[in-house]
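One structure is given here, and the rest of the page talks about it.
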Amino acid sequence: MSWMAKLYETYEAGMQLDLLDSDKLMPISHTPQNAHIKITIDGEGNFRRAEILQKTQIILPATERSAGRSGSGAAPHPLADKIQYVAKDYPNFGGKKKTFFNEYLNQINEWCESSYSHPKVRSVFKYIEKGTVVSDLIENNILQVGEDKSLLLSWPKDSETEAPLIFKVLPKEKGKLDQGNALICWNVETKDDLVSETWRDRSLQKAWVSYDLSKNEKTGLCYITGNQVPLAINHPAKLRHTGDKAKLVSSNDMSGYTFRGRFTDSKKGIEKFGAQSVGVSFDVTQKAHNALRWLISRQGFRNGDQAIIAWAVSGEEIPQPMEDIWDAMSDEIQEVSGLPLSAETQVDHTNDLGQSFSIALGKYMAGYRTKLKPTDNIIIMGLDSATPGRMAVTYYQEFFPDNYIERISKWHEEFAWYQRHKVEEDVGKKKPISKTVWPVCTPSPRAIWEAIYGSIVNDSLKKNTIERILPCIVEARPFPQDLVEKAVRRASNRSSYKSDEQWLWEKHLGIACALYRGFCKRHPKQSKEYIVGLEQENNSRDYLYGRLLAIAERIEDMSLYVSGENRSTTAGRLMQRFADRPASTWRNIELALQPYIQRLKNNRAGFLHNIQTLLDEVMSKFKEGEFVSDKSLSGEFLLAYHTQRRELRDKKQSNEKTTTGDNE
């Protein structure tokens, strides 16, 4: 239960932070909910007006039972709730659901009669006691009834008028909705009160918290604090969103055997001897779950039902393990990369070798180090739910700041490669131009799984991939070999990408190279380090074959450009076959190049001379017997292919700029 203790500490630390009201932690004994209708009354409980709310989330007072209610049981919220709870006249208009008005009325009445009562609550009580909620809403055209005076389940399809707003804000099931599901929140307008909305009134929230705590009289040993305090019976839900029913802690094994364990508790046994399971106080579980909810919404990584959060218990910001480093420090990366390209600031990547990115990353991480104390705790926690009602902690680790930041930095340095991104280039008064750039940085986990499996992949596979990547980031574990091989094979199969998806292939090529580079660096037996750039002295067979493929592609590319043709090259079409059988496929590529070489002799003789010299230079580096071997290539050939391809393209851009400058 250390995760709950850490979350409890986080809540206490978070309450001391100077945050905007919208960013603050939710008070205990409250729950988030989407409100649909706001009813305004005066201090005497007289109806004034009502309006429909769209996508409005409020924080409403809740009891321990109502915060975790599910199904059809009667567990009303103390103040704001659905029409079936707050409207006495709901059954009079054909309400389809069971009404719980009496339970709601008794509960709010007890609060009003207690010493923790609040003027706004008493006003609401006076109004709902009249039993005219639904009729008032119908009169004000908020709720809709048919000719038989029953609440409509759907708007007639043959109606000439547009469906009222209430039919757009309520959730539907099989095309039908129940207007009794609309959640009512209260606005009490009184003289000299600037905060009329009950869900924003801090004094009302404090009054409810005090009243709720005063009712919890049963005490026991809290295993988090070690104190004899009131214990929690139900633990909160709605951790990932307002409709989330899954709970991290639950124990309802008294009936149904839905959570059968090793305990033999019975209702009588618990009353006589106490529960056999671990007890957690009401205060601790409320604060811990509120802190978890706050962290997920603020900085959590969401992948369907899976959520991964990283936080410092002190509340200070930390680098997130699942974030895209391009999003986090794109300005710094562009600055050190000289992007957008300019003659004065452009970094020569043939000499830079990723050093600029490493320096920028170091400065970025140093900013976090200065904010954190050496003894601060940093927590990484993964959550997932197999069923709608149950959630589990799937990953949990605690770190000290130096250790954590060192591992995050290591991930970004070892898996850095040229990545394809888009930037907006300002061109004066006109609309900014979108431009493709290739900065050196690390691909995001989301981009990695897309490069491995494609964008259409089921949730289960996504979750498994994330669970395997996360330890590589925060624990510096070796990257899974099968994932690297899948990424390399997919990037090698260029012909599987459609003609209008070549940008996607280029993006996946950069990601595959990043994964292969990091994989080799972390290989437990044969660690090998590659620089971020073209290695002129690397004479390994796979590397040289990769360079050959890039040169052949460049020759054909130039020839097609000269003749005004726009189609894929032979090297591109045969790339997958080349990776499997390089020697025999190279013969086909070389033969296919002859017509293009003849064309270039007449139009680009200088270019042809230079690139054939480069081709001969690379060919001469093969050791005896290696060139004729048809053994399949490793991912190393992609590193050479990508960097050689980039160097030839950059050289072309440089020549074009020089020519332009000379002409000017």
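The values are calculated or read from the model by the stated rules, or taken from the named source; none is laboratory data. What you see is a predicted model, and the numbers here were worked out from it, not measured in a lab. Neighbour counts are summed over all protein chains in view; Cβ atoms, including those assigned to glycine, are modelled from backbone coordinates with ideal geometry. Calculation scope for accessible area: heavy atoms of the full protein, side chains included, ligands and nucleic acids excluded. Shrake-Rupley method; radii C 1.70, N 1.55, O 1.52, S 1.80 Å.
Here no strands (runs of 3 or more DSSP E) wholly within segment 166-248 include at least 3 residues being touching a residue at least 24 places away in the same chain (Cβ under 8 Å) and open to solvent by 20 Å² or more (accessible area, probe 1.4 Å). In segment 372-447, which strands (runs of 3 or more DSSP E) lie fully inside it and hold 3 or more residues that are open to solvent by less than 10 Å² (accessible area, probe 1.4 Å) and not basic (K, R)? Those strands (runs of 3 or more DSSP E) span 378-387. A single entry from K157, K120, K126 fulfils the requirement of being of a type outside the set (A, V, I, L, M, F, W, C), within 40 Å of the chain's Cα centre (by Cα) and in a helix (DSSP H, G or I): K120.
Could you go through segment 554-563 and let me know if any residue there is among the small types (G, A, S), modelled with pLDDT of 90 or more and surrounded by 21 or more Cβ atoms within 10 Å (Cβ to Cβ). Yes, segment 554-563 has at least one match. Which ones in segment 524-553 are open to solvent by 30 Å² or more (accessible area, probe 1.4 Å) and either without any contact (Cβ under 8 Å) to a residue 60 or more places away in the chain or not in a loop (DSSP other than H, G, I, E, B) (or both)? Within segment 524-553, P524, K525, Q526, S527, K528, E529, Q536, E537 meet the criteria.
Residue-by-condition table, conditions (1) crowded, with 20+ Cβ neighbours inside 10 Å; (2) under 21 Å from K462 (Cα atoms); (3) in contact (Cβ under 8 Å) with a residue 60 or more places away in the chain; (4) basic (K, R):
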{"position": "E485", "(1), (2), (3), (4)": "no, yes, yes, no"}
{"position": "N493", "(1), (2), (3), (4)": "no, no, yes, no"}
{"position": "Y497", "(1), (2), (3), (4)": "no, no, no, no"}
{"position": "D500", "(1), (2), (3), (4)": "no, no, no, no"}
{"position": "L504", "(1), (2), (3), (4)": "no, yes, no, no"}
{"position": "L509", "(1), (2), (3), (4)": "yes, yes, yes, no"}
{"position": "A514", "(1), (2), (3), (4)": "yes, yes, yes, no"}
{"position": "R522", "(1), (2), (3), (4)": "no, no, yes, yes"}
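Kindly indicate whether any position in segment 195-205 is under 17 Å from I41 (Cβ atoms) and at pLDDT below 90. Within segment 195-205, one or more residues are under 17 Å from I41 (Cβ atoms) and at pLDDT below 90. Among the residues making up segment 448-459, those that are open to solvent by 10 Å² or more (accessible area, probe 1.4 Å) and either touching a Phe, Trp or Tyr at 6+ places or on another chain (Cβ under 8 Å) or under 26 Å from I379 (Cβ atoms) (or both) are V457, D459.
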